[in-house]
1. Using just the helices of the chain, give the 222 nm mean residue ellipticity in deg cm²/dmol: DSSP H runs with n ≥ 4 each add -39,500 (n - 2.57), and the total is spread over all residues, rounded to 500.
2. So for the pair Ser94, Thr46, with labels modelled 7 Å out along Cα→Cβ, what separation do we get in nm?
3. Measure off 7 Å from each Cα along the Cα-to-Cβ vector at Cys60 and Glu80, then give the distance between these two points in nanometres to one decimal.
4. Please order Phe29, Phe7 by the number of other Cβ within 10 Å, starting at the fewest.
5. Any chance you could run the full-extension gain for Ile87 through Ala38? It's 0.36 nm times the residue separation minus the Cα-Cα distance, nm to one decimal.
6. Contour minus end-to-end for Arg28 and Ala104, with contour as 0.36 nm per residue of separation and end-to-end as the Cα-Cα distance?
7. For the chain, give the magnitude of the charge dipole about the Cα centre (Cβ charges: +1 Lys/Arg, -1 Asp/Glu; no others), in debye to the nearest 20.
8. Give the peptides 20-27, 103-110 in descending order of average Cβ contacts within 10 Å, highest first.
Amino acid sequence: MSLVKEFNDYREKMNDVILEKENKTLKRFFSLDHQAYAEGALPVKTKELMGLVASMVLRCDDCIKYHLGTCYEIGVTTEELYEVFSIANLVGGSICIPHTRRAAEYWEELKSS
């Protein structure tokens with residue numbers, strides 16, 4: 001199974017499990033997260049790239065994969081992505097390098113699917 005399919009299947013399954021519990025706070029948080037990345041004063045592309053940088057600096061591989069998937073869907077180029085990687089590594093330091101490797105691997109998988 002591909003990295004992308006495995007991640008998306010697991011994410012969808014577990015989000016369904018979480019949301020079916022009808023916890024109002026969690027449902028509101030999921031909604032707020034979705035709304036924050038909608039078109040506004042900043043375009044969606046900018047928000048996704050910002051989310052990717054933050055995810056890399058915070059070292060959240062699941063978040064990185066999510067933002068990479070969305071970036072791929074909205075047409076972010078490889079050149080743009082690697083500029084994001086450079087900012088994340090500059091801000092986060094060398095601890096971000098392993099996450100950059102995994103992000104690059106995931107991006108290559110997205111491009112090949």
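FYI, it's all coordinate maths here, none of it is from the lab. The structure displayed is predicted, hence computed values, not measured ones. Because the Cβ atoms are built from the backbone with ideal geometry, glycine has one as well, and the counts that use them run over all protein chains shown.
1. That comes out to -25500 deg cm²/dmol.
2. Those two pseudo-labels are separated by 3.5 nm.
3. Label-label distance for Cys60 and Glu80, simple model: 2.2 nm.
4. Numbers: Phe29 11, Phe7 19.
Ranking Phe29, Phe7 by Cβ neighbours within 10 Å, fewest first, gives Phe29, Phe7.
5. Using 0.36 nm per residue and subtracting the Cα-Cα distance, I get 15.4 nm.
6. 24.2 nm
7. Dipole size: approximately 360 debye.
8. The densest-packed peptide leads the list: 103-110, 20-27.
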